[in-house]
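To keep things clear, I will list the structure first and then write my remarks on it.
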Amino acid sequence: MLKNLDPLLNADVLQALRAMGHGDELVVCDANFPADSVARATVLGKLLRIDGADAPRAVRAILSVLPLDTFVEAPAMRMEVVGEPNTIPTVQHEAQAEVDAAEGRSVPFAPIERHAFYARARKAYCVIATGETRGYGCFVFTKGVLLAPDAPRAKEPGQ
């Protein structure tokens, strides 16, 4: 065990999160997502796993060490429900609460259509499969930067 690290963050996940650079994207997906085949097309080229945790809990663990990008309009995205793009399933509400808590501000999920989500996921740095059994527990996050205290700050999108 390591101090101050969420125990869900295994060595493979930590290595990938550390290797990612500013603007790289990662996918957190549910058990229904074609994770292995999609992960083979990513930069990392292999599937990472956080088994035994639902998607919101995995999001909490990941965002405990991963800053979200403040230079893009949508650093957090969610897969749309097929045929109901405005429906927000419970799993997505729960994950939204984790994102907002981690960031200390509201960072609304941008919706992305299912097939567009798959295409984007194939271009991501990595895919992390969770034990989430509920549908639509699939998210894309864009890595940001940690700035020194005296570094200039980015403006929030829209300012």
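Read the figures in this text as sums done on the coordinates, not as results from a lab. Worth saying up front: this structure is predicted, and the values here are computed from it rather than measured. Cβ atoms come from the backbone with ideal geometry, glycine included; neighbour counts cover every protein chain shown.
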Next item on the list: Scan the range 61-102 for GluC sites (Glu not before Pro) in coil per DSSP, keeping those whose Cβ has at most 13 other Cβ atoms within 10 Å, and list them by number.
Entry: GLU73
Margin query: Taking 0.36 nm per residue of sequence separation and subtracting the Cα-Cα distance, how much length would be gained by fully extending the chain between THR87 and ALA41, in nm to one decimal?
Written below: 13.6 nm
Checklist line | Computed over the chain: relative contact order in percent, which uses C-alpha pairs under 8 Å that are six or more apart | finding: 42 percent
Note to self: Need the C-alpha centroid separation for the range 28-69 versus the range 90-152, integer Å.
What the structure shows: 10 Å
Notebook entry, point to check: What ranking, highest mean first, results for peptides 23-32, 100-109 when packing means the other Cβ atoms within 10 Å averaged over each residue?
Noted result: 23-32, 100-109
Next item on the list: Give the order of LYS143, LYS123, LYS3 when sorted by the count of other beta carbons within 10 angstrom, beginning with the fewest.
Entry: LYS3, LYS123, LYS143
Check: Given N residues in the chain, what is Rg(Cα) / (2.2 N^0.38 Å)?
Finding: 0.98
Checklist line | Residues of the range 80-101 with amide N under 13 Å of the 7 Å Cα→Cβ point at ARG134 | finding: 88-98
Checklist line | Selection from PRO85, VAL140, LEU44, by position along the positive dipole direction of the chain (Cβ) | finding: LEU44
Next item on the list: Please report, in debye to the nearest 20, how large the charge dipole of the chain is about its Cα centre when each Lys and Arg carries +1 at its beta carbon and each Asp and Glu carries -1 there.
Entry: 380 debye
Note to self: Is there a quick way to get the dipole size of the range 44-118? I mean about its Cα centre, with the Cβ of Lys and Arg at +1 and of Asp and Glu at -1; what is the value in debye to the nearest 20?
What the structure shows: 260 debye
Notebook entry, point to check: Exposure proxy check: ILE88, ILE112, ILE128, ILE50 ranked by fewest other beta carbons within 10 Å?
Noted result: ILE88, ILE112, ILE50, ILE128
Note to self: Can you tell me the mean projection area, over all orientations, of the convex hull of the range 41-118's alpha carbons? Units nm², please.
What the structure shows: 6.1 nm²
